[in-house]
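Chemist: Structure provided below as structure tokens; questions to follow.
The values are calculated or read from the model by the stated rules, or taken from the named source; none is laboratory data. Every value quoted in this text rests on a predicted model; they were computed, and no experiment measured them. So basically every Cβ, Gly included, is an ideal-geometry build from the backbone, and we count neighbours across all protein chains shown. Note: accessible area is taken over every heavy atom of the protein model, side chains too, but ligands, DNA and RNA are not part of it. Shrake-Rupley method; radii C 1.70, N 1.55, O 1.52, S 1.80 Å.
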Amino acid sequence: MNDDEAARTNGHVYELRGVRRDFRAGGSEVRAVDGVDMVVATGEFVVVEGPSGSGKTTLLQLLGALDRPTAGSVSFAGRDLSSLPDRALTEVRARDIGFVFQTFNLIPTLTALENIEIAMAPLRVSRAKKRARAEKLLGQLGLAERGGHLPGLMSGGEQQRVSIARAMANEPRVILADEPTGNLDSTTADEIIRLLADLCASEGVTLIVVTHSEDVARRAARRLRMRDGRLIDDEIWTRGGVPG
Amino acid sequence: MLGYAASELRRRLGRTLLTALGLAAGVGMVVGIIGVSRGLNDAQASVLQPLSSIGTDILVTRVVGNTQTATPSPTPTATDGFNRGGGFGGGPGFFGGGPGSGLNGADITALAQENNNVVTDLSKLGKPGAKFTHDFFLSATLLSFPQEAVAEVAKINGVAAAAGALTQLANHQTGTVPQIVAEIQTGGQTFTQTARPAPLTDAERQKLQQCFAGERSGSSPEPSPQAAPRQGGRDCFPERFREFRFSFRTPLQTLRQAIDPPQTDITSTSYTAAGIDPASPRIGLVTPDQLTKGRWLTTSAPNEVLLNAAYANKTSLGVGSTFEINGTTFTVVGIVTPTLAGATSDVYFPLATLQTLAGKAGRVTQVLVKTTGASNVDAVVKEIQKQLPGAEVVTTRSLAEQVTGSLSDARKLADRLGGALAVIVLAAAFVIAVLLTLGSIAKRVREIGTLRAIGWSRGRVVRQILAETIMIGLLGGVIGVAIGYAAAYAVGAFSPALTATTSGVPNMSSSNLAQFFGSSLPSSVHSATVSLKAPVHLATLAVGVGFAVIGGLIAGAVGGWRASRLSPAEALRSVG
């Protein structure tokens, strides 16, 4: 973030005002997100908690430029995502946002390295640079020797680390993780969330994690709780989260 | 992207192979049908090539009793059309009678004039007993017309070149000049006849005795039998005894009498003769392309001829051989294998030479026309029929329409059913490819949602799907081409025989009058048995692969369109 942008955004990477998202399902309208107002500062580690159906994932998709709000505005780095065309949203996702999914969502036919490289495909990076960047990330995540392996031959933790490397490939401003430890055992989950948090902290990347896990939530500096689409609690831990 | 596509195809090998095989079936069918169709075309061309192989698009003739003329001709008059050229043969109007059934008066006149030299004057062949050879030439039922017609046709818009030709039925006679008139000497014989009178009756005897008696007495009226010899007594006998023996000599006389029929040992053999213009080698009843030995005719050598290879073989003549026709020695300079089915000739003379030999100076029996383009053929045909009423005009297409037999049946089957079958199979293959691709897209919703989430644009996703389906198409194309090639090879190995019968080009036997000229006339009905091959050219293989790739493109376009319509949020939400 340069000085102009910092001044314009007051250091906020996200600013949501009156965000509402309605879906039509089975003839009736469902309000998944209902009047959310919030700001997220650059480099923050935020977890979003709440029961199933509370609107966490929908909120994450709105933050990730995957969806547009029915009402309200989602400002990302000073740009209103709700008014951007599809092409611009795609570019925002490619350049500025990284995703980590519960089910890893790796391409099963591609190796770990290739899975990381395809994230760089939209940015017209040379093949050599892509390969170098992917190898570096895998090394940082402790998978230097696993670059040529297919996801099917890797453990869940390894796959999720590859997923994190893919999310970090384009040096994004934000990483959005949807239940990143949901499919992992507790030890691995702890390892993954620590890794993710450390990486984001070292790179100055904002991390927003949707989770049911108290262990994960306790690591965040800020905890948002949702129920019925509403943000009911916004708890900020001044020391940057519960110590592990 | 290609590596990703290749990896995807490997991962979904079963679906990839199923899609590729679906396309391969369609492509194989198309390649096979194209091969068989090409084989049928080649086979048909071998039957129908006569016109095109001699640089000709249109052949104009006039056949007696022609009933195929498309346009009616005006009532001919003595000064109409090319008859103004006058000269040998020909009836009123350009070619004589107009269209219609059977002979009209003009046909009859023309027919008689064209064939009047069929009468051989034996008295002019030499002295009786001398050996002779004699050739005479007939138009049979292929009537000649003035050569000016060639120039008139050449002026028609759309005609690139026109050449005249003369085809004649020749009869070669050898033998001994027969005795035509016999001289008979009569008379000079002496004839003697002796008569035996009947015995005297009683009354005669009595009267004779009285006569003799009277002569003896000098007074008696009854003559005496004893005195009769002495006195003569001649008058005493009955009348029938007075002259009973006589002789006569017939007068000498020489009688001259024509022998009908004259007795002779003449033997006749027939051959067909054609006159071609050596100055127009590219268009004619035979062209230099059909020369197998020797060289082409030269314009300055009127006594050079070309021989049909079959005739040369039959007569044991070859390049350099000479033979005599009506006192002129001709030299064989080339052997040809003419292709004008139904109208090939045994001997090809320079046109002017044959015109002289046949006594048909300035006349031709065919006009061969080359148009400036295939699209002009119909217009030129109409103009020829308009300018030359009564003309029989034949084109390659009209010949093709007359082909019958199993070749024709197979050709029609290939045209009607084969094409439709190929389209149906190909369409089915495309539909299968599309459905399988859509099925694949449905199973890859999470993958597509992920790609969209990490910044892949709709276009990039579509290109990815297209890359995959095009690769499947290529695979299907290669397999399909192999299948089609194998099928074509099998057809070629089996090589089924097909027969084709075409009425050929009009010739001297192209009317029901032909029977009057005997079996020596070459038949205008041309039959051929051809072995069906299914040649598969590189272009066919390219077309096959092209179809498969098109199928892949269609499947990719539909699948890509479906994928591009997936909202990334919905895609990720749906798989949750």
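Chemist: Considering each of A:L89, A:L66, A:L110 in turn, give the residue that is of a type in the set (A, V, I, L, M, F, W, C), within 12 Å of chain B (Cβ to nearest Cβ), without any contact (Cβ under 8 Å) to a residue 40 or more places away in the chain and farther than 20 Å from A:V209 by Cα.
Modeler: Sole residue among the options that is of a type in the set (A, V, I, L, M, F, W, C), within 12 Å of chain B (Cβ to nearest Cβ), without any contact (Cβ under 8 Å) to a residue 40 or more places away in the chain and farther than 20 Å from A:V209 by Cα: A:L89.
Residue-wise test of (1) out of contact with any helix residue (DSSP H, G or I) (no Cβ under 9 Å at 6 or more places or on another chain); (2) free of Cβ contacts under 8 Å to residues at least 40 places away in the same chain; (3) surrounded by fewer than 16 Cβ atoms within 10 Å (Cβ to Cβ); (4) not β-branched (V, I, T).
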{"position": "A:R21", "(1), (2), (3), (4)": "no, no, no, yes"}
{"position": "A:G26", "(1), (2), (3), (4)": "yes, yes, yes, yes"}
{"position": "A:V33", "(1), (2), (3), (4)": "no, no, no, no"}
{"position": "A:G43", "(1), (2), (3), (4)": "no, no, no, yes"}
{"position": "A:V46", "(1), (2), (3), (4)": "yes, no, no, no"}
{"position": "A:K56", "(1), (2), (3), (4)": "yes, no, no, yes"}
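Chemist: Are there strands (runs of 3 or more DSSP E) fully within region B:305-376 with at least 1 residues that are buried (at least 17 other Cβ atoms within 10 Å of the Cβ) and of a type in the set (S, T, N, Q)? List them. So that I can check it myself, show each step before the final result.
Modeler: On the way: elements: B:322-325, B:328-336, B:347-350, B:366-371.
Filter on region B:305-376 gives B:366-371.
Chemist: Could you tell me which numbered condition A:A121 fails, if it satisfies all but one of (1) at the interface with another protein chain (Cβ under 8 Å from one of its Cβ atoms); (2) not in a helix (DSSP H, G or I)?
Modeler: (2)
Chemist: A follow-up question, please. Criterion first (within 14 Å of chain B (Cβ to nearest Cβ) and in contact with a Cys (Cβ under 8 Å, 6 or more places away or on another chain)) does A:I116 satisfy it?
Modeler: no
Chemist: Can you tell me which condition A:V100 does not meet? The list is (1) closer than 19 Å to A:G156 by Cα; (2) away from every other protein chain (no Cβ under 13 Å); (3) touching a Pro at 6+ places or on another chain (Cβ under 7 Å), and all the others hold.
Modeler: Answer for A:V100: the failing condition is (2).
Chemist: Quick one: count up the residues across region B:439-449 that are open to solvent by less than 20 Å² (accessible area, probe 1.4 Å) and either away from chain A (no Cβ under 12 Å) or at pLDDT 90 or above (or both).
Modeler: 2
Chemist: Scan A:A25, A:A41, A:A71 and give me the residue that is away from chain B (no Cβ under 14 Å) and out of contact with any Lys or Arg (no Cβ under 7 Å at 6 or more places or on another chain).
Modeler: A:A41
Chemist: When the residues of region B:4-39 are filtered to those that are more than 15 Å from B:I479 (Cβ to Cβ) and of a type in the set (S, T, N, Q), which remaining residue is farthest from the other protein chains (Cβ to nearest Cβ)?
Modeler: Checked region B:4-39; the qualifying residue farthest from the other protein chains (Cβ to nearest Cβ) is B:S37.
Chemist: Okay, next question. So if I check each of A:A177, A:A167, A:A132, A:A189, which one is under 18 Å from A:Y14 (Cβ atoms) and either in a helix (DSSP H, G or I) or open to solvent by 30 Å² or more (accessible area, probe 1.4 Å) (or both)? Can you show your working first?
Modeler: Details: A:A177 fails: either in a helix (DSSP H, G or I) or open to solvent by 30 Å² or more (accessible area, probe 1.4 Å) (or both); A:A132 fails: under 18 Å from A:Y14 (Cβ atoms); A:A189 fails: under 18 Å from A:Y14 (Cβ atoms).
Exactly one residue qualifies, and that residue is A:A167.
Chemist: Name, by its number, the condition in (1) more than 29 Å from A:R21 (Cα to Cα); (2) under 19 Å from the mean Cα position of the chain (by Cα); (3) not in a helix (DSSP H, G or I) that does not hold for A:H149.
Modeler: Answer for A:H149: the failing condition is (2).
Chemist: Another question about this same structure. Which members of region A:120-129 meet the condition of being touching a residue at least 40 places away in the same chain (Cβ under 8 Å) and surrounded by fewer than 19 Cβ atoms within 10 Å (Cβ to Cβ)?
Modeler: A:L123
Chemist: So B:A490 ticks every box in (1) modelled with pLDDT of 75 or more; (2) of a type in the set (A, V, I, L, M, F, W, C); (3) under 30 Å from B:S398 (Cα atoms); (4) surrounded by fewer than 16 Cβ atoms within 10 Å (Cβ to Cβ) but one. Which box is left unticked?
Modeler: (3)
Chemist: Further, regarding this structure: If we keep just the residues of region B:536-576 that are part of a loop (DSSP other than H, G, I, E, B) and of a type in the set (A, V, I, L, M, F, W, C), which is nearest to the other protein chains (Cβ to nearest Cβ)?
Modeler: Selected residue: B:L566.
Chemist: Something else: Would you pick out the residues in region A:143-155 that are of a type in the set (G, A, S) and in contact (Cβ under 8 Å) with a residue 40 or more places away in the chain?
Modeler: A:G152
Chemist: Test A:R161 against the criterion of being over 26 Å from A:S75 (Cα atoms) and not in a loop (DSSP other than H, G, I, E, B), and give yes or no.
Modeler: yes
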